[in-house]
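**Q** Starting off with a structure, shown below.
Each value in this text was obtained by applying a stated rule to the coordinates, not by laboratory testing. What you see is a predicted model, and the numbers here were worked out from it, not measured in a lab. For neighbour counting, all protein chains shown are included, and Cβ atoms are generated from backbone atoms with ideal geometry for every residue, glycine included.
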Amino acid sequence: MLGYDGQAMLQKPELFRPIYVLSEIWQRIGWESIIYIAALMSIDLEQYEAAKIDGASRLKQMFHITLPGLLPIITIMFILRMGNMLNVGFEKIILLYNPVTYETADVISSFVYRKGLLEFGWSYSSAVGLFNSVINLVLLISANYISRRVSQNSLW
């Protein structure tokens, strides 16, 4: 394409993680943008008008009106992200998997899949999956506790 030879990027283990991270950002940016735009729409415009009359610059408006207005949403999104931190996109990993990238691309979900379904180690893969869920629950509760202590915002 465009006169250049193609590159086998997925055949290079050192490029697997950057490719995965970029595709994850691309996948999630749309939905999270909708959430943050909806949160921005809930901030009262009269606050910005009053700040402008008082002589506040755009930067001061951002730090004193916008960010405090977005803080509850940022906190909740952070808590939900922490609860899913170990659950990377299994489907995407399996789709990007190949024998060259096994060492780099193996995550808990693909390990459970490989041990449970391909090698018939159901009890072992169930134990690993349960451990993964317990760690996610601990991360969720910890993030909620820290959030409640720091910003008075939490899920419960």
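**Q** Can you find a residue in the range 110-131 that is within 21 Å of Phe16 (Cβ to Cβ) and touching a Leu at 6+ places or on another chain (Cβ under 9 Å)?
**A** no
**Q** A follow-up question, please. So, in the range 93-103, exactly how many residues are assigned to a helix (DSSP H, G or I) and surrounded by 15 or more Cβ atoms within 10 Å (Cβ to Cβ)?
**A** 3
**Q** Right, another one. Got a number for residues in the range 105-122 being among the small types (Gly, Ala, Ser), free of Cβ contacts under 8 Å to residues at least 24 places away in the same chain and within 21 Å of Met85 (Cα to Cα)?
**A** The total comes to 2.
**Q** May I ask you to list the residues in the range 114-156 that are among the hydroxyl-bearing types (Ser, Thr, Tyr) and either within 25 Å of Gly69 (Cα to Cα) or buried (at least 17 other Cβ atoms within 10 Å of the Cβ) (or both)?
**A** Once the filter is applied, which keeps residues that are among the hydroxyl-bearing types (Ser, Thr, Tyr) and either within 25 Å of Gly69 (Cα to Cα) or buried (at least 17 other Cβ atoms within 10 Å of the Cβ) (or both), the range 114-156 yields Ser125, Ser142, Tyr145, Ser147, Ser151, Ser154.
**Q** For the range 19-33, name all the residues that are over 19 Å from Met77 (Cα atoms) and either among the basic types (Lys, Arg) or surrounded by 11 or more Cβ atoms within 10 Å (Cβ to Cβ) (or both).
**A** Ile19, Tyr20, Ser23
**Q** Return only the number of the condition from (1) under 22 Å from the mean Cα position of the chain (by Cα); (2) under 27 Å from Phe131 (Cα atoms); (3) surrounded by 14 or more Cβ atoms within 10 Å (Cβ to Cβ) that Asp106 does not satisfy.
**A** Among (1) under 22 Å from the mean Cα position of the chain (by Cα); (2) under 27 Å from Phe131 (Cα atoms); (3) surrounded by 14 or more Cβ atoms within 10 Å (Cβ to Cβ), the lone unmet condition for Asp106 is (3).
**Q** Which number in (1) touching a Gly at 6+ places or on another chain (Cβ under 8 Å); (2) closer than 19 Å to Val21 by Cα marks the one condition that Leu95 misses?
**A** All conditions pass for Leu95, except number (1).
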